[in-house]
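Readers should treat all values here as calculations from the given coordinates under stated rules, not as data from a laboratory. This is a predicted model, so every value here is computed, not measured. Neighbour counts are summed over all protein chains in view; Cβ atoms, including those assigned to glycine, are modelled from backbone coordinates with ideal geometry.
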Amino acid sequence: MIELSNVRFRWRASDPLLIDIAKLSVGNGERVFLEGPSGSGKSTLLNLLGGVMVPEDGTVSIDGADLTALRQGVRDTFRADRIGLIFQMFNLIPYLDLVDNVVLPCKFSTRRARIAREKSGSVEDEARRLLRNIEIDPDMLGDRPVATLSAGQQQRVAVARSLIGSPQLIIADEPTSALDQNVRQSFMSLLFKEVADVGATLLFVSHDASLAVDFDRRLIMSEINESGAK
Amino acid sequence: MTTARAAFFLAFKSLLNRYITAGLTIFAIGVSVMLVLGVERVRQNAKLSFANTISGTDLIVGARSGSVQLLLYSVFRIGNATNNISWRSYQDIVKRSDVKWTIPLSLGDSHRGYRVLGTTEDYFKFYRYGSKRLLKFSGGKPFGDVFDTVLGAEVAEALGYKVADKIVIAHGLGTAGFTKHNDKPFTVTGILERTGTPVDRTVHVSLAGIEAIHLDWRGGSRVPGMSVTAEQARSLSLTPKSITAVLVGLKSRLGAFRALRAINENRREPLLAILPGVALQELWSLMGTAEAALGIIALFVVVSGFIGMVTMLLASLNERRREMAILRAVGARPTHVFSLFVLEAWLLTLLGCVLGVALLYLGVSIAQPIIETRFGLFVPMDIPSFGEWIILGAIMSAGTIAGALPAFLAYRKSVADGLTIRT
Ligand SMILES: Nc1ncnc2c1ncn2[C@@H]1O[C@H](COP(=O)(O)OP(=O)(O)OP(=O)(O)O)[C@@H](O)[C@H]1O
Ligand SMILES: [Mg+2]
């Protein structure tokens, strides 16, 4: 699913290399835990995997397509179609309601809109189904501004959004760091269950090593990244 | 296509979420649009009604004063004559060999806010307006008797008068509480068709009628102990000693300049003859500066409305960086971020224009009667004219272009930040 080779990246030409990965590969349906200290370039790696940034060297392949060979617009469409992203916190757009937030990827990807519609009849119904799966009742919370949801609820909504339209790759960037211990546990089990349902590959970034146990594989940034970054 | 709809949807929701700032911005733009359109509408119709007020008259003669002042009181019934011209001077003009017709005008009295004009039947024969149109009666006929009156369309309509009604004329020009010539009521013999000119707001009587009601008056008040009844008045000589102005038609327009010079150099008393076309032009250019000033003010109001809009969008830029990263994450391109901001500016401007047009119609419907009675200008409720559509189009383009600045900054931030959430 993910194939990186000789990838080099820095934000500014004057910076030292931040990312220097000779090889990284993640198989289909694999659940991978990526850990590393703050500033080690984990989130930067997401920019590369999502095709938002391109490396100065090397190739980044997702699902067999080399992103570095594609134009920016095509990469953006590719990301919309194939990748579901979950951020650390404040994942939701404040002026959209619950369902509209979940439906959002379908507005940029016809493919995901089509798949969502095939599943539930309409993208909105698919959004509601996903929300119920992660134990959020859209009928009860639907009218509230999303900013009034608790941190845990917001992160679960973000999971529903990353899953709508069944993208093959889910990337989560420290999604649990704003959650307390109990909520974190139930969040993780829901995430695993939903990702398994869709059959997606999961790349989970965190510096909380205690979460690593349930994953198929554990990667450590300093081991895959040859750059001198911390 | 789908993403264009997405950007539109997001722009709409985002504005809806900030309804207070967005609403104020729309209001500011709306007011400016109303002002610009209002100025344009008044200008267009003022110009039109101006040119249409009088036609076919070659000269206007009055006591010596300013040509614009003479035009204003003789044709527009605005302001007052400082002096009259004597009956003898008038007769001299009538007797000139190059004069085809004259219409004497005697002003100074009013009826419930409408000016009373003393004149002769020639008024109904020779007075022309618009494209050389004569006055027509919608009912009745010209005045025949001393105490007959012919009403302009608006006077009759506003005050509900019909042919054969009796009205009382007030001395002077006030609307209420003035001394009235109530011992000598006038009978309505005719009502004129609407002309869209000051004629509509005029009460016409004969010169003899004006003379008759002033027999027992000297200056501004009734002569004590002197009272002339209407019946007595009829038997007296009712030739006026003076009139306010004369409209003159010449046998040949080519002689206008010669006649003009001759009258202006008249020895008996200081007279002023003017060419109506030239005076209208002069008056219009006077108004033109006011109109241009108003236009410039309106333009500045539009600019400040847009500055407010750009400020609002720029202010939101930083707090929206997270939103941009989320949008990028779900597949938005940097150009989507750009179009989101431009669309917001476009929507704000569009709603501002819609509000502005609504305010314009509200304003016109409220101000229409006031402007009409005060300034003699009819501002119609018509759908926007071609010129007004052009203005709206220009405002729409300007607003959208103004939105490109915050949009470009957002675009740049979005390209630089990528998926990194910065706050
Ligand atoms: N959009 C960006 N533009 C410029 N520099 C960036 C950008 N995003 C990250 N960086 C820089 O790249 C370096 C690595 O940051 P990154 O966010 O990838 O670290 P991280 O491993 O995700 O850390 P954390 O665990 O704190 O999230 C930092 O020095 C950061 O300032
Ligand atoms: Mg990070």
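Electrostatic tally near A:VAL123: other residues with Cβ closer than 11 Å to its Cβ, Lys and Arg +1, Asp and Glu -1, net +2. If you run the Gaussian network model on chain A, springs between alpha carbon atoms under 10 Å, then out of A:ILE136, A:ILE93, A:ILE21 the most flexible one is A:ILE93.
Net charge of the neighbourhood of B:SER89, taken over other residues with C-beta under 14 Å away and scored Lys/Arg +1, Asp/Glu -1, is +4.
Inter-chain Cβ neighbour count for B:316-325, averaged per residue, equals 2 (cutoff 10 Å, partner chain atoms only).
The Cα-based radius of gyration and maximum Cα-Cα distance (Dmax) for the range A:53-183 are 15.6, 50 Å. To the nearest 0.05, what FRET efficiency results for B:LEU409 and A:ASP208 with a Förster distance of 30 Å applied to their C-beta separation? That gives a FRET efficiency of 0.25.
Computed as a quarter of the hull surface, the mean projected area of the alpha carbon convex hull for the range B:302-392 stands at 8.2 nm². Taken over the Cα atoms of the range B:59-274, the convex hull encloses 122 Å³ per residue. Distance distribution note for the protein assembly as shown: the fraction of Cα pairs above 51 angstrom is 44%. Of B:LYS13/B:LYS413; B:LYS132/B:LYS251; B:LYS95/B:LYS251; B:LYS125/B:LYS251; B:LYS47/B:LYS132; A:LYS42/A:LYS193, which sit over 19 Å apart, Cα to Cα? Distance filter (> 19 Å) returns B:LYS13/B:LYS413; A:LYS42/A:LYS193.
Quarter the surface of the alpha carbon convex hull of the range B:346-418 and you get the mean projected area, 6.1 square nanometres. Semi-axes of the equivalent ellipsoid for chain A, computed as √(5λ) from the eigenvalues of its C-alpha gyration tensor and ordered from largest down, come to 29, 20, 16 Å.
Give me the tail of P(r) for the range B:201-301 as a percent: Cα-Cα pairs with distance above 20 Å. Within the range B:201-301, distances greater than 20 Å cover 66 percent of Cα pairs. Charge dipole (Cα centre; +1 on Lys/Arg Cβ, -1 on Asp/Glu Cβ; no other charges) of the protein assembly as shown amounts to roughly 2500 debye. Semi-axis lengths, largest first, of the ellipsoid equivalent to chain B are 63, 22, 17 Å, with √(5λ) applied to each eigenvalue of the Cα gyration tensor. Can you give the percent of C-alpha pairs in the range B:1-128 whose distance is more than 24 Å? The answer is 55 percent, as a whole percent.
When the Cα positions of A:ILE134, B:SER65, B:ALA212 are compared along the charge dipole of the protein assembly as shown, B:ALA212 comes out farthest toward the positive end, with charges on each C-beta of Lys, Arg, Asp and Glu.
Ranked by the mean number of other Cβ atoms within 10 Å per residue, highest first, peptides B:200-211, B:7-18 order as B:200-211, B:7-18. Can you give the calculated 222 nm mean residue ellipticity of chain B, where each DSSP H run of n ≥ 4 adds -39,500 (n - 2.57) and the sum is split over every residue, rounded to the nearest 500 deg cm²/dmol? After summing the helix terms and dividing by the residues of chain B, the value is -18500 deg cm²/dmol.
Pairs exceeding a 23 Å alpha-carbon distance, out of B:LYS141/B:LYS166; B:LYS136/B:LYS180; B:LYS100/B:LYS184; B:LYS100/B:LYS162: B:LYS136/B:LYS180; B:LYS100/B:LYS184; B:LYS100/B:LYS162. Averaged over the residues of B:83-96, the number of partner chain Cβ atoms lying within 10 Å of the residue Cβ comes to 0. Ranked by the mean number of other Cβ atoms within 10 Å of their residues, highest first, the peptides A:34-47, B:256-269 fall in the order A:34-47, B:256-269.
For the range B:236-355, the Kirkwood estimate of hydrodynamic radius, built from reciprocal distances between every pair of different alpha carbons, is 21.5 Å.
Look at the stretch A:106-114: the mean tally of other chain Cβ atoms within 10 Å of its residues' Cβ atoms is 4.
Name the residue from B:GLY288, B:SER414, B:SER74 whose Cα lies farthest towards the positive end of the charge dipole of the protein assembly as shown, charges +1 on Cβ of Lys and Arg and -1 on Cβ of Asp and Glu. Toward the positive end, the furthest listed residue is B:SER74. The charge dipole of chain B, taken about its Cα centre with unit charges on the Cβ of Lys, Arg, Asp and Glu (plus for the first two, minus for the last two), comes to roughly 680 debye. Considering only A:SER43, A:LEU211, A:THR110, whose Cα is most displaced toward the positive end of the charge dipole of the range A:2-224, charges sitting on Cβ of Lys, Arg (+1) and Asp, Glu (-1)? The one lying farthest along the dipole's positive direction is A:THR110. Mind putting together the pair-distance distribution for the range A:42-89? All Cα pairs, 10 Å bins, whole percent per bin, short to long. In whole percents, the pair-distance histogram is 27, 59, 14, 0.
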